[in-house]
Amino acid sequence: MNSEKSPSSDIAAAENARLGAGFIRWGTGLFIFGLLIGYGPLLHYMHGALEEVGPAFLHNVTLWFGCPWTLSVYMVQIGGLGMIAVGVSLLALARDGHTRTLSGSERGSLGLCIFGLIAVFVTGYPGYFAVNHFWPSFYYTPLQAGKNVWLALQGVSIAFYIAGVIFAFNVIGRVSHQYNAIETRRAF
């Protein structure tokens, strides 16, 4: 393999490393934010439900899902950790010289992940109160229309995050195949 690097490969390596560092920085910040918003469910469990709890809710409830904000808390926490893993992978590959020029969707993967996790917080926490304004006590009664709207908003938010992770994985998948090509050449 030629040990000289072209200017375009240096640019691609820097671009891949910047993307990886961005994933690590934002992933760590969002993970910490997820830990902080985790106090919402804790306070909810200490205080109790904000509205009357209906029999249908009591029939189908578990401790962890007795609080409406649990999904958004854990999605932000797990999503932040996932972003850190993507970032470390991208940095390791860039460090070893395994890079390619990024496509537009791959460059936008970090933004999609950030948007998705912030949106799942907004739709899960403040969005809960907005939906509750139109369907009072929708979560605890439960009122299916309100619950469907609220969960759909969170689902769309999570879909943005998933799209970002898929685009980032495309980068990891494409450049990690270079390891196989190098090992094959060394064998001959």
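The values are calculated or read from the model by the stated rules, or taken from the named source; none is laboratory data. Source: prediction; values computed, not measured. We place every Cβ from the backbone using ideal geometry, glycine too, and count neighbours over all the protein chains shown.
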Are any residues in the range 15-46 touching a residue at least 12 places away in the same chain (Cβ under 8 Å), surrounded by fewer than 17 Cβ atoms within 10 Å (Cβ to Cβ) and of a type in the set (F, W, Y), and if so, which ones? Y45
Taking only the range 131-158 into account, find how many residues are over 30 Å from S109 (Cβ atoms), among the aromatic types (F, W, Y) and assigned to a helix (DSSP H, G or I). 1
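Based on what the data block shows, is G87 of a type in the set (G, A, S), touching a Cys at 6+ places or on another chain (Cβ under 9 Å), assigned to a helix (DSSP H, G or I) and surrounded by 16 or more Cβ atoms within 10 Å (Cβ to Cβ)?
Against the criterion (of a type in the set (G, A, S), touching a Cys at 6+ places or on another chain (Cβ under 9 Å), assigned to a helix (DSSP H, G or I) and surrounded by 16 or more Cβ atoms within 10 Å (Cβ to Cβ)), G87 does not qualify.
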Only one residue in L58, L63, L19 is over 21 Å from V120 (Cβ atoms), modelled with pLDDT under 65 and part of a helix (DSSP H, G or I), so which one is that? L58
